[in-house]
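*Asks:* Structure incoming, see below.
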Amino acid sequence: MSSTRPTSRIAGTGHYAPEKVLTNHDLERMVDTSDEWIAERTGIRQRHLAAEGETTSDMAAHAARAAIAAAGIAPTDLDLIIVATVTPDVPLPSTAVFVQQKIGARPDCPAFDIAAACAGFIYGMSIADRFLTTGGARHVLVIGVELLSRVIDWSDRTTCVLFGDGAGAAVLTRSEDERGLLSTHLFADGAQAQALHIPAGGSALPASLATVEAGLHTVHMTGQDVFKYAVRALSSASVTALEANGISKEDVRWVIPHQANLRILEAVSKRIGVGIERFVLNIARYGNTSSASIPIALDEALRAGTIESGDLVLMCALGAGFAWGSALLRI
Ligand SMILES: CC(C)(COP(=O)(O)OP(=O)(O)OC[C@H]1O[C@@H](n2cnc3c(N)ncnc32)[C@H](O)[C@@H]1OP(=O)(O)O)[C@@H](O)C(=O)NCCC(=O)NCCS
C-alpha cells in the first residue's frame with residue numbers, strides 16, 4: 001500500500017572505527033583511574049582512536065562508502081551531503097567538501113557541516129528529511145563523525161575516559177512507501193553552553209600561546225550537570241516523539257540512543273517505560289563517539305539482523321549546547 005506523503009527512508013548505512021583500541025586498562029597507565037571505576041560509572045570498556053595523520057574526513061569517507069554501497073547507489077547519485085561534526089578537519093572549509101571529493105560525489109553536489117555535537121546525527125536526519133520530502137533531493141548522505149581524541153586532555157581523568165573516535169553514515173532516500181522517518185523533534189538550550197565546551201579556538205578566544213598553555217583547546221565538562229540534564233531531556237524528547245505520532249511505548253521495537261553513559265540510558269529507560277533490553281547498546285566497545293554513536297549503533301544492528309525491516313525505532317540524543325532531539329522511524 002503506498003502513502004501519498006513522501007517519506008525519507010534509510011536506504012543504506014555504514015560505519016567505520018579506527019583500528020587502534022584503547023582499553024580501560026591502558027588508561028590505568030595514563031591517569032589515576034581503574035577499569036572498575038570506568039565500567040561501573042559509564043559502562044565503557046574500550047574506545048577506538050584514530051591513527052596519526054588520519055582525519056575526520058578520512059573516517060567519514062570510509063563510513064560513507066559503506067552506506068552508499070549498502071544503498072545500492074553510486075556516489076554520483078547523491079544530491080546532498082551533510083556532515084555532523086564538532087571535530088572538523090580544519091576550521092575552514094567544511095569537512096563535508098573533503099568528503100564529497102574523497103567519495104567521488106558530483107563536483108556540484110551541495111555539501112555542508114552542522115555543529116550540534118552529540119545530537120548532530122538526529123539534526124542531520126531532520127535537515128535531510130526536509131530536502132527529501134519537499135521534493136528537491138532523491139538521495140541525501142548524512143554522516144556523524146568525530147575525532148574527539150584530538151581535543152581531549154589526556155591528563156584529565158574526568159573526561160579522557162569517556163570519549164572515542166568513529167564515523168557512521170546513512171543514505172536517506174525519498175520514498176513513497178510506509179517506511180521511513182515519522183518525525184524528528186529538535187531542541188536546544190544555550191543557557192547550558194558552559195556545561196560542555198571547548199573554550200578557545202574561535203572568535204571569542206582565538207588561539208594564542210596563552211590559550212594553548214592554559215589548556216583551553218580541549219573538552220571541559222561539568223559531568224554531573226550534563227548527566228542530570230541528559231536524563232530529563234532524553235526522556236522528554238522521546239515521549240514527545242511518541243505522543244506526536246500517537247504511538248505507545250509498547251510499539252517501539254528498538255531505542256537507539258546516543259551512547260554517552262550506560263547509567264544515563266538506564267535512567268531514561270525507566271522514565272519512558274521501555275525496557276533496557278530494547279535499547280541498542282554498544283557503549284562498552286566505543287565509548288562516547290558523539291555524533292557518530294547513533295549511526296554506528298544503527299549500522300551494527302542492521303547488519304547483525306537485530307533490527308529488521310518494519311521495526312519501529314526511536315532515536316534520542318543530547319550533547320553540548322545543550323542540543324538534543326529525537327527521531328521516530330520505521331525501518
Ligand atoms: C563523568 C561521569 C562519568 C562522572 O561520574 P559521577 O558518578 O558523576 O562521578 P563524580 O563526578 O561524582 O566523581 C566521583 C569521584 O570520582 C572521581 N573520578 C572522576 N573521574 C574518575 C575516573 N576516571 N577514575 C576514577 N575516579 C574518577 C572524582 O574525582 C570524584 O572523586 P571525589 O569523590 O574524591 O571528589 C558522569 O558524571 C557522567 O557520565 N556525566 C555525563 C557526561 C557525559 O555524558 N558527557 C557527554 C554528553 S554527550
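*Asks:* If we scan region 163-172, do we find a residue that is assigned to a loop (DSSP other than H, G, I, E, B), open to solvent by 20 Å² or more (accessible area, probe 1.4 Å) and either more than 16 Å from the ligand (Cβ to nearest atom) or not aromatic (Phe, Trp, Tyr) (or both)?
*Replies:* No, that holds for no residue.
*Asks:* Pairs only if they're at least six apart or on different chains, beta carbon under 9 angstrom, first in region 13-35 and within 17 Å of Asn282 (Cα to Cα), second among the aromatic types (Phe, Trp, Tyr); list them, first residue then second.
*Replies:* Ala17/Tyr286; Asn24/Trp37
*Asks:* From (1) in a loop (DSSP other than H, G, I, E, B); (2) surrounded by 20 or more Cβ atoms within 10 Å (Cβ to Cβ), pick out the condition that doesn't hold for Pro91.
*Replies:* Tallying (1) in a loop (DSSP other than H, G, I, E, B); (2) surrounded by 20 or more Cβ atoms within 10 Å (Cβ to Cβ), Pro91 fails exactly one: (2).
*Asks:* Right, next: I need the full set of residues from region 202-219 which are free of Cβ contacts under 8 Å to residues at least 40 places away in the same chain and either touching a helix residue (DSSP H, G or I) at 6+ places or on another chain (Cβ under 8 Å) or in a helix (DSSP H, G or I) (or both), in order please.
*Replies:* Leu205, Leu209, Ala210, Thr211, Val212, Glu213
*Asks:* If I filter region 105-136 down to residues being within 16 Å of the ligand (Cβ to nearest atom) and open to solvent by 40 Å² or more (accessible area, probe 1.4 Å), which single residue comes out as farthest from Pro93 (Cα to Cα)?
*Replies:* Ranking the candidates gives Tyr123 first.
*Asks:* Of these, Ile38, Ile44, which one is within 16 Å of the ligand (Cβ to nearest atom), part of a helix (DSSP H, G or I) and among the β-branched types (Val, Ile, Thr)?
*Replies:* Just one listed residue meets the conditions, Ile38.
*Asks:* Also, quick follow-up: Would you mind telling me which numbered condition in (1) within 16 Å of the ligand (Cβ to nearest atom); (2) open to solvent by less than 10 Å² (accessible area, probe 1.4 Å) Val255 fails?
*Replies:* All conditions pass for Val255, except number (1).
*Asks:* Okay, moving on. For region 204-218, check the following and say yes or no: at least one residue is within 16 Å of the ligand (Cβ to nearest atom) and of a type outside the set (Val, Ile, Thr). Full working, then the answer.
*Replies:* Filtering region 204-218 down to residues within 16 Å of the ligand (Cβ to nearest atom) leaves 218.
Then keep just the ones that are of a type outside the set (Val, Ile, Thr); that gives none.
Checked against the condition, which is being within 16 Å of the ligand (Cβ to nearest atom) and of a type outside the set (Val, Ile, Thr), region 204-218 yields no hits at all.
*Asks:* Okay, moving on. With respect to Thr87, is the statement that it is within 16 Å of the ligand (Cβ to nearest atom) and either closer than 27 Å to Gly136 by Cβ or in contact (Cβ under 8 Å) with a residue 12 or more places away in the chain (or both) true?
*Replies:* Judged against the criteria, Thr87 is a match.
*Asks:* Now for a separate question. Every residue in region 12-26 that is part of a helix (DSSP H, G or I) and either over 22 Å from Ala292 (Cα atoms) or under 21 Å from the mean Cα position of the chain (by Cα) (or both), please.
*Replies:* His25, Asp26
*Asks:* If you don't mind, there's one more thing I want to ask. Would you point out which residue out of Arg330, Arg278, Arg303, Arg285 is modelled with pLDDT of 95 or more, within 17 Å of Ser8 (Cα to Cα) and open to solvent by 20 Å² or more (accessible area, probe 1.4 Å)?
*Replies:* It is Arg330.
*Asks:* Another question, then. Sort out which residues of region 83-103 are closer than 20 Å to Leu132 by Cα and touching an Asp or Glu at 6+ places or on another chain (Cβ under 8 Å), and write them in order of number.
*Replies:* Hits for region 83-103 are Val83, Ala84, Ala96.
The values are calculated or read from the model by the stated rules, or taken from the named source; none is laboratory data. The model shown is predicted, which means the values in this text are computed figures rather than measured ones. Positions of Cβ are generated from backbone atoms using ideal geometry, with glycine treated the same way; all protein chains shown enter the neighbour counts. Keep in mind that these areas ignore ligands, DNA and RNA; they rest on the heavy atoms of the full protein, side chains included. Shrake-Rupley method; radii C 1.70, N 1.55, O 1.52, S 1.80 Å.
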